[in-house]
Every structure is written in C-alpha cells, then in structure tokens.
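Undergrad: The following block contains the structure, expressed as structure tokens.
The values are calculated or read from the model by the stated rules, or taken from the named source; none is laboratory data. Note that the structure is predicted; figures quoted are calculated from it, not measured. Every residue, glycine among them, receives a Cβ derived from its backbone with ideal geometry; neighbour counts consider all protein chains shown.
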Amino acid sequence: MTTNHTPPTAADDGGHLDVLRDELKTLKDEQRDRIRARDNLIYSLIVAIAAVAGGTKFAGSSVALLLPPVALALGWTYLVNDQKVTAIGAYLRTDLAPRLSALTGADVLRWETAHRSDHRRRQRKSIQLGVDLTVFILPAATAIGWYWATGPTHPALIAASVIEAIAVALATWQVIAYADLTA
C-alpha cells in the first residue's frame, strides 16, 4: 500500500493546519514528559546507590551485586527516553515543520534546527556521553569490581557477577552508540 504524501497547501479547507498544530502540541507534550521522566531516573539511581552502599554495611559485599541490574535498568530506560526525545525532534524538523511551513507560508519550528547548529554541540554531546557513562555505567562496574575484590566466592554469586559484567559491557556499547556525536 502506497500513500501520497503531498503537503497540503494554504488553500486546503480540510483543517490540516489544526490537525498539524494538535500533532505538534501532542509531540511537544510527550517530549517534555519524557525529558522529565528521563531526568528523574538519575535521582532514582542515586537513591539505589545509597541503599546498596548502606546495605553492604549490614549484609556484606554480596549486596553490591544488586546495584548493576538496577543501574542498568534505569540507564536503559534513560537511554530509551532520550532516544525518543531525539526522534521526536528529528520528526519535527524533517517532517512536521515542512508541512506546517507549506500551509502557513512561513518558516516554522526554527528552534528545532537552530539549537542543533551551535558550534559547541559536539562538545556538549561528548560531555553528556561522559556524564551518562559516569552516572549509569560506572556505579554498576564499580559494584562488580568491589564485589570481586571483597566478596565471598560463592559460585552462584561469581556467575551472577560475570553475567552482570557482560551486561555492563553491552550497556556501555549502547550508551556510546546512541550518543549522537554528529555535529
């Protein structure tokens, strides 16, 4: 099934502008909500780190193995929300803005492109990559390393820690792959 994707013109009386305006509002609301949820995941991880650190004082170093799954789950959720925020921005720039411009006869949604043309964008994205790795990957890797250095050598816990280490390596690869360091 093929669809004709010709942009409507200002002469169209089908309410296209209202529909596109509603779509823009819905997407911007979703983008805002995803940004809020994404950013709150960092606070959740800080609480988890504090809980695990406190738990190790009472239950021993095996408790450290609880942190990697929590950090990775929160990190993955952060990454997915960040990717959706980025995808919404790309859709607004490349699809919705041209259709709105065709209807209004004006250049619209310029902010969606303007903020990406900052000459320090690549630097900011690189720093953000470092922050993401520090916030979500480093605590998980540190917990595993700390367990290996101080923990009991129970075979099931060693196996769990190896699986967690593999998961941390895969998560690191994904965080780097999604970093969008293009200028």
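Undergrad: Select, from LEU92, LEU79, the only residue that is closer than 19 Å to ALA37 by Cα, touching a residue at least 60 places away in the same chain (Cβ under 8 Å) and assigned to a helix (DSSP H, G or I).
TA: LEU79
Undergrad: Oh, and also: Please pick out the residue among THR77, THR56, THR134 that is at pLDDT 95 or above, closer than 30 Å to ILE163 by Cβ and in contact with a helix residue (DSSP H, G or I) (Cβ under 7 Å, 6 or more places away or on another chain).
TA: After ruling out the rest, the residue left standing is THR77.
Undergrad: Something else: Within region 18-28, restricting attention to residues that are surrounded by 15 or more Cβ atoms within 10 Å (Cβ to Cβ) and of a type in the set (A, V, I, L, M, F, W, C), which residue is farthest from LYS84 (Cα to Cα)?
TA: The selected residue is LEU20.
Undergrad: Sticking with this one: It is to be established whether one or more residues within region 94-102 are surrounded by fewer than 19 Cβ atoms within 10 Å (Cβ to Cβ) and over 29 Å from HIS16 (Cβ atoms).
TA: no
Undergrad: So, THR142, is that one within 24 Å of GLY60 (Cα to Cα) and modelled with pLDDT under 95 or not?
TA: no
Per-residue answers, yes or no, for (1) more than 21 Å from TYR178 (Cα to Cα); (2) part of a helix (DSSP H, G or I); (3) aliphatic (A, V, I, L, M):
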residue	(1), (2), (3)
THR26	yes, yes, no
ASP39	no, yes, no
TYR43	yes, yes, no
ALA48	yes, yes, yes
LEU65	yes, yes, yes
PRO68	no, yes, no
ASP107	yes, no, no
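Undergrad: A further question follows. Can you tell me how many residues in region 66-87 are over 13 Å from ILE42 (Cα atoms) and crowded, with 20+ Cβ neighbours inside 10 Å?
TA: Looking only at that region, the number is 2.
Undergrad: For region 29-44, give me each residue that is within 29 Å of SER101 (Cβ to Cβ) and either hydroxyl-bearing (Ser, Thr, Tyr) or surrounded by 14 or more Cβ atoms within 10 Å (Cβ to Cβ) (or both).
TA: Passing the criteria: GLN31, ARG34, ILE35.
Undergrad: Within region 117-178, which helices (runs of 4 or more DSSP H) (wholly inside it) include 2 or more residues that are crowded, with 19+ Cβ neighbours inside 10 Å?
TA: It comes to 138-150, 155-177.
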